[in-house]
Amino acid sequence: MDGNKKIAINTIIIYVRLLVVSIVSIVLSRVVLDALGASDYGLYNVVGGIVLLLNVLNSSMASTTYRYIAYELGKGNGGDTNKVFNTSILIHLGFALLIMLVGTPIGDWYIDTYLNVPNGNYSDAHFVFHLSILTAAVNTVIVPFQGLLVAFEEFRANATIEIVANLLKLIVIYLLIYSVSYRLQTYSIILFSYTLLSGAVYVVYSRIKHNEVVKWVFQKDKKLYREMLSFSGWTLVGATANVGKAQGSAIIINYFFGTLVNAAYAIAHQIETFVLMFARTIGSAAVPQTTKSFSAGNVSRSIELTSHISKYTFLLMVVACFPLLVEMDFLLDIWLKEVPQDASVFCKLILLGNLLGCLGEGFSNLINASGRIKAYQIVVHAVLLSGLPISFFLYKKGSSPNTILIVYCIISFVNSFVKLFMLRRVVSFNVLHFMKESHFRIFLVAVPLLFFYFMYSPGVTTLGHIEGIVLSELVTICSILVLGLGKSERNTLFAFVKKHVTGK
């Protein structure tokens, strides 16, 4: 199958998976917020967020695992995927143990010392935290199996597992959470059970489909251990910064404003998670081929893939985000029975920040493929983390709760150009040509959308709001077709649509 066609098919598969998972998550958020109440919902997010700060190892090692397996596959018969996989398994077992040994005392200390818990409900906070630690450990162990499917581009299997598991999670939570008294504990137990079930499916599938790769052979290659640990260590810098941005923001907001504002931020962060999953679909589908092409010596192919990801990611993301921006209040009222205060403003700002962040999307894929990640990780994510102390200082001066999101909108824009500069240091390419094809096209699309946003007046009836959503989507699509795509891209798109609609 042609490489670009395979990426397109994988992108569609990932989109279907994300669509189903996102719908389930949206429904689940409404159910859980209604069942737990705003205070307990905010408590779960801030306590569970502590675990994410320890669970960043998963993100770093996931990218490490599929990078090294894909790199071996790119070598052809000269690669040894079994060696890389078994090395990854041992590393992950060590990390899972580390999460439990180090995370438990740190989390207990934070809860007892600093956590702002209403009504002194510390027993629930500790219960949620300890179960979340176990969930993080299980997630860590199954990362190599997930990375294996990504490296082999088996996105269909990955999608099936996640869709079925999420539907089961929704059914179980809906049936149980309203029927018990200890709802917060029950919710935590269900999420832990979900992790165990989906993890077991990944393991069984990998053993059936890729038995030669996952077959256990103890590895003694110290050089490979050092290399993978070094790579994951620098990737960990990025994973820590990204999780630190989200969960560090939640902790700072809790410190100044309490769990009710945390609930508003949790809603905004959940919307951000959905949108980011969609935004990074193309990048996820292109990761294996970017790495394989690089390892096979076809660097120009890797650069070509990367140069398109930034623009296409923004265009796809703005299709999803712009109707949300213009009708956020209406959509939140439909989604949630009780909308937390400030949730609408939080959601709008967090979407804007992620749209600006798309300007540098896809760069890390090529950086990871090259293996030269140290400087990129340090510089880019130091800029990202600077938002936390800046926001803390502004809150001390009496700024409003949404200040931290305004700060991160500015940082996202600045960081997109920092990423471009850092990528240019690693791989030679024409920066001006890239900006002309990507950033300039994005700017052209943004102009009419900004005009529409500031001129738009929301309807007063449900039908009026729906018409506004449809109209904003039509304006977005027309702007993309006329201003965002070149002539050859439009012709390719129209030919694709014609073929699949008419069969000709």
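The values are calculated or read from the model by the stated rules, or taken from the named source; none is laboratory data. Fair warning: this is a prediction, and the values are worked out from it, not measured in the lab. Using ideal geometry, Cβ is built from the backbone for each residue, glycine included, and neighbour counts are taken over all protein chains shown. Just so you know, the surface numbers come from the protein's heavy atoms only, side chains and all, with ligands and any DNA or RNA stripped out. Shrake-Rupley method; radii C 1.70, N 1.55, O 1.52, S 1.80 Å.
Suppose only helical runs count, i.e. DSSP H with n ≥ 4. What mean residue ellipticity at 222 nm does that imply for the chain under -39500 (n - 2.57) per run, divided by all residues and rounded to the nearest 500 deg cm²/dmol?
After summing the helix terms and dividing by residue count, I get -29000 deg cm²/dmol.
Among Val380, Ser438, Gly468, pick out the residue whose Cα is farthest towards the positive end of the charge dipole of region 379-474, where Lys and Arg carry +1 and Asp and Glu carry -1 on C-beta, about the Cα centre.
Among Val380, Ser438, Gly468, the one farthest towards the positive end of the dipole of region 379-474 is Val380.
For an R0 of 41 angstrom, estimate the FRET efficiency from the Cβ-Cβ distance between Ala296 and Ile390 and round to the nearest 0.05.
Result of the calculation: an efficiency of 0.40.
Using the per-residue mean of other Cβ atoms lying within 10 Å as a proxy for protection, in what order, highest first, do the peptides 153-161, 309-317 fall?
Ranking the peptides 153-161, 309-317 by packing returns 309-317, 153-161.
With contacts defined as alpha carbon pairs under 8 Å and 6 or more residues apart, what's the relative contact order of region 126-242 in percent?
34 percent
Mind putting a number on the dipole of region 363-504 about its Cα centre? Charges go on the C-beta only, +1 for Lys and Arg and -1 for Asp and Glu, and I need it in Debye to the nearest 20.
Computed about the Cα centre, the dipole is about 600 debye.
Among [x] 68, 53, 40; [y] 78, 62, 39; [z] 62, 59, 47, which one is Cα extents along the principal axes in Å computed from these coordinates?
[z]
Rank these by accessible area, largest first, 1.4 Å probe: Phe129, Phe429, Phe451.
Ranking Phe129, Phe429, Phe451 by accessible area, largest first, yields Phe451, Phe429, Phe129.
Could you tell me which of Tyr71, Met422, Leu394 has its Cα farthest along the dipole of the chain towards the positive end, charges placed at Cβ (Lys, Arg +1; Asp, Glu -1), taken about the Cα centre?
Tyr71
About its Cα centre, how strong a charge dipole does the chain have in debye, to the nearest 20, once Lys and Arg get +1 and Asp and Glu get -1 at the Cβ?
That gives the chain a dipole magnitude of about 1780 debye.
Evaluate the charge dipole of region 221-281 about its Cα centre and quote only its size in Debye, nearest 20, assuming +1 on the Cβ of each Lys and Arg and -1 on the Cβ of each Asp and Glu.
180 debye
Given the options Trp335, Val213, Ile406, identify the residue whose Cα lies farthest towards the positive end of the charge dipole of the chain (+1 on Cβ of Lys, Arg; -1 on Cβ of Asp, Glu).
Of Trp335, Val213, Ile406, it is Val213.
Using the Karplus curve 6.51 cos²θ - 1.76 cosθ + 1.60 with θ = phi - 60°, work out ³J(HN,Hα) for each residue of region 127-140 in order, rounded to whole Hz, and write x for Gly and Pro.
So the Karplus estimates, Gly and Pro as x, are 4, 4, 5, 5, 6, 5, 4, 5, 4, 4, 5, 5, 4, 5 Hz.
Of the accessible area of region 432-486, with the probe set at 1.4 angstrom, what percent is carbon plus sulfur?
Looking at region 432-486 in its full context, I get 80 percent from C and S.
Alpha carbon centre of region 324-367 versus region 222-255: separation in Å?
23 Å
Return a whole-number percent for the relative contact order of region 309-465, with Cα pairs under 8 Å and 6 or more residues apart as the contact set.
32 percent
Which percent of the accessible heavy-atom area of region 308-364 goes to carbon and sulfur, probe 1.4 angstrom?
61 percent
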